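Student: Take a look at this one; I'll ask things after.
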There are 2 protein chains.
Amino acid sequence: MSESSQFLNMNTIKYLMYNVHQTEKLLTADRYAAYDKPSLDLLLDSVKTFCDKSLHPFIKEMDEKPSTFSNGAITIHPQFEKILKESGEMGLVAAMFNEEDGGLQLPNIVFHSLYFMMEAANNHVTGYLGLTAGAANLIVSFGSQYLKDTYAEKMMSLEWTGTMCLTEPQAGSSLSDVTSTASPQPDGTYKINGQKIFISSGDHQFAENIIHLVLARVDGAPSGTKGVSLFVVPKKRIQENGGLGEQQVIVAGEFEKLGQRGYCTSHLVFEDSIGHLVGEENKGLIYMFQMMNEARIATGRMGTGIASAAYYASMQYAKERPQGRKLTSSGKKDLNEDQTLIINHPDVKRMLLFQKAIVEGSLSLVMQAAEYVDLEHIAEGEEKERYNLLLELLTPITKTYPSEKGLEAVSTGLQILGGYGFCMDFILQQYYRDIRIISIYEGTTGIQSLDLMARKVGLKNGKVLEWLANEVQTTIKQASSYESLQSNIRVLGESLNSIQRVLTALMPHAHNGDFERYLADATVFMDLFGTVVIGWQWLKIGVSAQRDLSEGNSEFSADFLEGKLHTLHFFYKYEMSRCKGLSKTLMDELALTVDMKLAYLD
Amino acid sequence: MSESSQFLNMNTIKYLMYNVHQTEKLLTADRYAAYDKPSLDLLLDSVKTFCDKSLHPFIKEMDEKPSTFSNGAITIHPQFEKILKESGEMGLVAAMFNEEDGGLQLPNIVFHSLYFMMEAANNHVTGYLGLTAGAANLIVSFGSQYLKDTYAEKMMSLEWTGTMCLTEPQAGSSLSDVTSTASPQPDGTYKINGQKIFISSGDHQFAENIIHLVLARVDGAPSGTKGVSLFVVPKKRIQENGGLGEQQVIVAGEFEKLGQRGYCTSHLVFEDSIGHLVGEENKGLIYMFQMMNEARIATGRMGTGIASAAYYASMQYAKERPQGRKLTSSGKKDLNEDQTLIINHPDVKRMLLFQKAIVEGSLSLVMQAAEYVDLEHIAEGEEKERYNLLLELLTPITKTYPSEKGLEAVSTGLQILGGYGFCMDFILQQYYRDIRIISIYEGTTGIQSLDLMARKVGLKNGKVLEWLANEVQTTIKQASSYESLQSNIRVLGESLNSIQRVLTALMPHAHNGDFERYLADATVFMDLFGTVVIGWQWLKIGVSAQRDLSEGNSEFSADFLEGKLHTLHFFYKYEMSRCKGLSKTLMDELALTVDMKLAYLD
């Protein structure tokens, strides 16, 4: 592939994985004994080839020839046949499963790196894989032996794909209000009835079967989330001989979307469809949240991938497009000079550095979350819990930061192209459309922010928040040996404290039972918290780069390492500077939303 | 029309016009003697009816059936035939011209209010009118009697429409690099040769003729902007008897765009096309900037209009969509209650108030700019110059603030709809696409920011900036009588000072000839300056609302007036709080863009 199709930087991925997040240390654990650095590099490089050949060349076409619905079935772009086949062969779904379940037991940080690459190449693709992995994981984690035997292998090979069916027309994000029903049958199965909307990868022509993981209420179950159960409902019934029977899930339509148009989104109807209970009745939401938490990390990662693709596309344009001239010391332009490339204009550099800061900071956060998954796997006792809960705390942030700031980054990339950015001939407008769903998928930014502020910061009475602060302090301590990082240390420390100050100021509202007031600005709190967390990730990257520079690490060039330090400083100058204003807003005593009369909105 | 199609609030428009910006005072001037409040109200209401009946119902269809190019001609949506006819009859182009030139001599603030209404109704429309008005205005202002006689009337009636042809493929925003040529002919005309791209309303089937105002270089002219002249080049030549001759401008193509798809954007080729010089040779850019400055205000206004439409569309959804429940004092939801409408959730109120703050603050700024135009018209001597230069200073801000923050507002509106916001069935996704061009049209945000920082703040050695500060101080003084506005006064005063502090800190770079460094963060400076200016507008609105509340003004309800005050406080809590961080970024001494090695971007 020519440089014209760059959508990520392999060096950056490897640097973040190996140097910043020290993946090689993980490999010393028994769990990952099958892997070493050369084998991981080979895997990364082969997925890069897959991205270059099978994914990226089709992204524009998948947008222009989107999935379509007719005669009760959805048709997706023909290239998906090859993609699903190759992905199955490469073990891209099996990668996340344990060996004992037929998986490849790949470190989670590597798994996410591979998916990030695929999403940077073509964000319309990974949903088909990721939902299959997530659905199969629910079956493997909580399902009966029958369910495991019937589904796991076919799903890992992508002969069958999977979905998660949560949303209903009347309920949206409010899962307490799920009304789909499940009536127990004498043979132990359930008849499922109800409608589900916005079902990603809900139907297509390239899997023999599609396995829906469906939330529904068993007859007589309690109201609210405590009466919701989880069922496996295959599109085609599985006969006793293992063959496929008739179709029992109705595909009622397809949503025509602003972006991700190659990734189908369907409306499904269950009418006496036979389903199998996963685990116990009324625990559906607890199970589903395992998948949901993974899906939230994946969604943040996808936003990061789209922003990466936009960054490289806009950089390419900036390197090729001549326009305007550099200012001379008289403040005039010298018209005898040729026009300069726009990448030489400071404002264009600013727009590129902004994108780089968002993309690489977000990617490092995704890897941080993945690292906690890996550490949880190999740790014991209290340490295990610590990593698990650190992940819980970071999950809403890992979902939200790349989606909100990623959109800003993509829009900035589009801006670099000027009028051409608005033209359909260039890819930026597509990324601008594609990324807009990321802050909505899997719980909107508002929902994530409530999760962060209502549940996560209070986990174990604030202990988990303290653990995270300790993690940040560890990085600060590492940074303290480097002169060049002193100002960053100070700013990060102050900003970290401001989170605590804000909570101290707001907590009394919660203690007084005024939860609405406590949570009113949760979205602003998320913005503050997310910025601090990315500031932490950048300092972590800076520590590594400074160390490698000092020690004369030869694997990465000095420009590469200095570029990381430069972007760290950029993030602090342009983004960390926002923290004070955000905490001021949060501590402001005017309750302008909770108490607002609706008549004011006119 | 049902509430379902609300896209603006007439009360707000009238309140800003009459109460905040005191348009009735203008009417005492001779220039506007033909108008009184009842006649203006009638005009506003009749244009509202035009919006409801002829514009708004077609906005979605214009997106879905965009303009198309074939056989050397562009075809636009059939509804435009009616729209152009009615607009001509209503005098919507003639409105901005002086009576002596055959116009209606409408106050500029009313003119902009009418166009804002049309843009909120359907942002694909006004470009056809506005460019015709702008082009005709150049002819009327600088053209010969022959040009005026030939073109003005036909353009005011919209029998003929107009364009501005600046951009060339190799030059983009860099007008120094225009290469189209003009060769003088013995009869005093010029043969024009060259290519122009991104020509809005460049061709369509509903005008007998299209009048292009074209920048080109007369043979032998100096290089750079000082060698650029302005020409009138009609699509069809005008014969001596006044009839239309052959087509002489080649329509080479149409740009397929992300948004504003009903508003055509063409590629034009001039091949020995006969043009008439406007004014003197080599002064083209000076003339063109009159049109350009108007177009910049109009562009900001258009962004405001789109954001207004998105605000009301998302509010309607929030008022109709039940989902989730209010939190009780135990922090739990009461599942026996029905779901609540989402407008009752604090985060949704926050998102609506944010939109309201941006839309109404931006609209007030557009009116402020228009008010200066009117005051310039009726003032004499130094006062005239003062208003003219205040307008010059505000122009890049009036272009930029509504485009950048309007996009954020529209995206916030989309977010309120959750997954439905991403679906093509709902209009929000269209506004999200439409508004994306606004920060690119007529000089990108980067260009506007350079204009603000390199030219405008230094006008008359900083005197004009002082004049603006005085205007803000006048509002602060008016506000000082009201207890409720004290905290806003303090914040606005501090933020205003921070602009001066930033300039004091950066100016030495300019004095030392390091203009790149002085201008490196011009875009951040624009963000700061724009926020302060909108903070000023909101305080102005607040003073008016507080006065009307205190005096028991009966024309507007207490809820309406309190809603304005509430939104003022919202703007200060959530937006003015950004100012400190922005000035911190601006005063940071790291020159991270100017000095950056390109190799850092990898």
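The values are calculated or read from the model by the stated rules, or taken from the named source; none is laboratory data. Computed from a predicted structure; not experimentally measured. Don't worry about glycine lacking a Cβ; one is built from the backbone with ideal geometry, like all the others, and counts go over all protein chains shown. The area values use the complete protein model at the heavy-atom level, side chains included, leaving out ligands, DNA and RNA. Shrake-Rupley method; radii C 1.70, N 1.55, O 1.52, S 1.80 Å.
Student: Which one of these does B:Ile74 not meet: (1) open to solvent by less than 70 Å² (accessible area, probe 1.4 Å); (2) within 24 Å of the chain's Cα centre (by Cα)?
Tutor: (2)
Student: Could you tell me how many of the residues in region A:315-353 are more than 10 Å from every other protein chain (Cβ to nearest Cβ) and in a helix (DSSP H, G or I)?
Tutor: Residues in region A:315-353 being more than 10 Å from every other protein chain (Cβ to nearest Cβ) and in a helix (DSSP H, G or I): 3 in total.
Student: Could we say that B:Tyr312 is within 14 Å of another protein chain (Cβ to nearest Cβ) and either surrounded by 20 or more Cβ atoms within 10 Å (Cβ to Cβ) or at negative phi (or both) here?
Tutor: The answer is yes for B:Tyr312.
Student: Taking region A:315-341 on its own, how many of its residues are open to solvent by less than 40 Å² (accessible area, probe 1.4 Å), at pLDDT below 95 and over 19 Å from B:Ala454 (Cα atoms)?
Tutor: So the count comes out to 2.
Student: Another one. Pull up region B:366-405, narrow it to residues that are touching a residue at least 12 places away in the same chain (Cβ under 8 Å) and acidic (Asp, Glu), then point me to the one that is nearest to A:His267 (Cα to Cα).
Tutor: Looking at residues that are touching a residue at least 12 places away in the same chain (Cβ under 8 Å) and acidic (Asp, Glu), I get B:Glu404.
Student: Could you tell me whether B:Ser201 is open to solvent by less than 10 Å² (accessible area, probe 1.4 Å), polar (S, T, N, Q) and touching a Phe, Trp or Tyr at 6+ places or on another chain (Cβ under 6 Å)? Please lay out each step first, then the result.
Tutor: On the way: open to solvent by less than 10 Å² (accessible area, probe 1.4 Å): yes; polar (S, T, N, Q): yes; touching a Phe, Trp or Tyr at 6+ places or on another chain (Cβ under 6 Å): yes.
Yes: the conditions hold for B:Ser201.
Student: Moving on. Could you count how many residues in region B:466-476 are open to solvent by less than 80 Å² (accessible area, probe 1.4 Å), farther than 22 Å from B:Asn19 by Cβ and free of Cβ contacts under 8 Å to residues at least 24 places away in the same chain?
Tutor: Total satisfying the criteria: 0.
Student: For residues that are open to solvent by 40 Å² or more (accessible area, probe 1.4 Å) and either in contact (Cβ under 8 Å) with a residue 12 or more places away in the chain or under 23 Å from B:Phe556 (Cα atoms) (or both), tally how many sit in region B:15-29.
Tutor: Initial filter on region B:15-29 (open to solvent by 40 Å² or more (accessible area, probe 1.4 Å)): B:22, B:24-25, B:28.
Keeping just the survivors that are either in contact (Cβ under 8 Å) with a residue 12 or more places away in the chain or under 23 Å from B:Phe556 (Cα atoms) (or both) gives B:22, B:24-25.
Here the count works out to 3.
Student: Inside region A:507-602, counting only helices (runs of 4 or more DSSP H) that do not spill past its ends, which hold 3 or more residues that are under 30 Å from B:Ser557 (Cβ atoms), touching a residue at least 24 places away in the same chain (Cβ under 8 Å) and within 10 Å of chain B (Cβ to nearest Cβ)? Talk me through it step by step, then tell me what you get.
Tutor: On the way: elements: A:515-519, A:522-550, A:558-574, A:579-587.
By residue number, no helices (runs of 4 or more DSSP H) qualify.
Student: Please verify whether region B:60-68 includes one or more residues that are surrounded by fewer than 24 Cβ atoms within 10 Å (Cβ to Cβ), touching a Ser or Thr at 6+ places or on another chain (Cβ under 8 Å) and of a type outside the set (Val, Ile, Thr).
Tutor: So far as region B:60-68 goes, no, none of its residues is surrounded by fewer than 24 Cβ atoms within 10 Å (Cβ to Cβ), touching a Ser or Thr at 6+ places or on another chain (Cβ under 8 Å) and of a type outside the set (Val, Ile, Thr).
Student: In the list B:Leu561, B:Leu568, B:Leu582, which residue meets the criterion of being over 23 Å from B:Leu528 (Cα atoms) and surrounded by 15 or more Cβ atoms within 10 Å (Cβ to Cβ)?
Tutor: Going through B:Leu561, B:Leu568, B:Leu582 in turn, just one is over 23 Å from B:Leu528 (Cα atoms) and surrounded by 15 or more Cβ atoms within 10 Å (Cβ to Cβ): B:Leu561.
Student: Select from region A:34-87 the residues that are of a type in the set (D, E, K, R) and within 13 Å of A:Val125 (Cα to Cα) and list them in ascending order.
Tutor: Within region A:34-87, A:Lys60, A:Glu61, A:Asp63, A:Glu81, A:Lys82, A:Lys85, A:Glu86 qualify.
Student: Which of the residues that make up region A:140-196 are of a type in the set (Ser, Thr, Tyr), modelled with pLDDT of 95 or more, open to solvent by 30 Å² or more (accessible area, probe 1.4 Å) and outside any strand (DSSP E or B)?
Tutor: Answer for region A:140-196, where residues must be of a type in the set (Ser, Thr, Tyr), modelled with pLDDT of 95 or more, open to solvent by 30 Å² or more (accessible area, probe 1.4 Å) and outside any strand (DSSP E or B): A:Ser141, A:Ser144, A:Tyr146, A:Ser157.
Student: If you take the residues in region B:88-112 that are open to solvent by 20 Å² or more (accessible area, probe 1.4 Å) and farther than 22 Å from B:Gln22 by Cα, which one is nearest to the chain's Cα centre (by Cα)?
Tutor: My answer is B:Met90.
Student: Another question about this same structure. Say we look at region B:405-415 and pick out the residues that are within 9 Å of another protein chain (Cβ to nearest Cβ) and among the aliphatic types (A, V, I, L, M); which of these is nearest to the chain's Cα centre (by Cα)?
Tutor: Per the criteria, the residue is B:Leu407.
Student: Open to solvent by less than 30 Å² (accessible area, probe 1.4 Å), hydrophobic (A, V, I, L, M, F, W, C), closer than 25 Å to B:Gly413 by Cα and more than 14 Å from every other protein chain (Cβ to nearest Cβ) - does that describe any residue in region B:288-299?
Tutor: Checked region B:288-299: at least one residue is open to solvent by less than 30 Å² (accessible area, probe 1.4 Å), hydrophobic (A, V, I, L, M, F, W, C), closer than 25 Å to B:Gly413 by Cα and more than 14 Å from every other protein chain (Cβ to nearest Cβ).
Student: Something else about it: Taking A:Leu365 as the residue in question, decide whether it is open to solvent by less than 30 Å² (accessible area, probe 1.4 Å), under 26 Å from B:Leu598 (Cβ atoms), at pLDDT 95 or above and under 25 Å from the mean Cα position of the chain (by Cα).
Tutor: Numbers: open to solvent by less than 30 Å² (accessible area, probe 1.4 Å): yes; under 26 Å from B:Leu598 (Cβ atoms): no; at pLDDT 95 or above: yes; under 25 Å from the mean Cα position of the chain (by Cα): yes.
Spelling it out, it is not the case that A:Leu365 is open to solvent by less than 30 Å² (accessible area, probe 1.4 Å), under 26 Å from B:Leu598 (Cβ atoms), at pLDDT 95 or above and under 25 Å from the mean Cα position of the chain (by Cα).
Student: If you don't mind, there's one more thing I want to ask. Going through region B:281-314 one residue at a time, which ones are touching a strand residue (DSSP E or B) at 6+ places or on another chain (Cβ under 6 Å) and either among the aromatic types (Phe, Trp, Tyr) or assigned to a strand (DSSP E or B) (or both)?
Tutor: Of everything in region B:281-314, just one residue is touching a strand residue (DSSP E or B) at 6+ places or on another chain (Cβ under 6 Å) and either among the aromatic types (Phe, Trp, Tyr) or assigned to a strand (DSSP E or B) (or both), namely B:Tyr287.
Student: For region B:35-84, give me each residue that is of a type in the set (Ser, Thr, Tyr) and part of a helix (DSSP H, G or I).
Tutor: Within region B:35-84, B:Ser39, B:Ser46, B:Thr49, B:Ser54 qualify.
Student: Can you confirm whether A:Asp41 is among the charged types (D, E, K, R), modelled with pLDDT of 95 or more, in contact with a helix residue (DSSP H, G or I) (Cβ under 8 Å, 6 or more places away or on another chain) and exposed (fewer than 13 other Cβ atoms within 10 Å of the Cβ)? Step through it out loud before you land on a result.
Tutor: Numbers: among the charged types (D, E, K, R): yes; modelled with pLDDT of 95 or more: yes; in contact with a helix residue (DSSP H, G or I) (Cβ under 8 Å, 6 or more places away or on another chain): yes; exposed (fewer than 13 other Cβ atoms within 10 Å of the Cβ): no.
Here the answer is no, as A:Asp41 does not meet what is asked.
Student: How about region A:497-534: which of its residues are touching a Gly at 6+ places or on another chain (Cβ under 7 Å) and open to solvent by less than 20 Å² (accessible area, probe 1.4 Å)? So that I can check it myself, show each step before the final result.
Tutor: Step one: of region A:497-534, the residues touching a Gly at 6+ places or on another chain (Cβ under 7 Å) are A:515, A:523, A:534.
Hit for region A:497-534 is A:Ile534, nothing else.
Student: Applying the selection to region B:431-446, what residues are farther than 18 Å from B:Phe116 by Cα and within 9 Å of another protein chain (Cβ to nearest Cβ)?
Tutor: Result: B:Arg433, B:Ile440, B:Thr444, B:Thr445, B:Gly446.
Student: Tally the residues that are among the polar types (S, T, N, Q), part of a helix (DSSP H, G or I) and in contact (Cβ under 8 Å) with a residue 60 or more places away in the chain, restricting the search to region B:406-459.
Tutor: Selection size over region B:406-459: 6.
Residue by residue, here is whether (1) touching a residue at least 24 places away in the same chain (Cβ under 8 Å); (2) within 14 Å of chain B (Cβ to nearest Cβ) holds:
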residue	(1), (2)
A:Glu100	no, no
A:Asn122	yes, no
A:Ser144	yes, no
A:Ser157	yes, no
A:Gln185	yes, no
A:Gly202	yes, yes
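Student: Could you tell me which residue of region B:245-263 is surrounded by the fewest Cβ atoms within 10 Å (Cβ to Cβ), considering only residues that are more than 14 Å from chain A (Cβ to nearest Cβ) and over 15 Å from B:Thr75 (Cβ atoms)?
Tutor: B:Glu246
Student: Which of the residues that make up region A:477-492 are open to solvent by less than 20 Å² (accessible area, probe 1.4 Å) and either farther than 23 Å from A:Arg578 by Cα or more than 14 Å from chain B (Cβ to nearest Cβ) (or both)?
Tutor: Hits for region A:477-492 are A:Ala479, A:Leu492.
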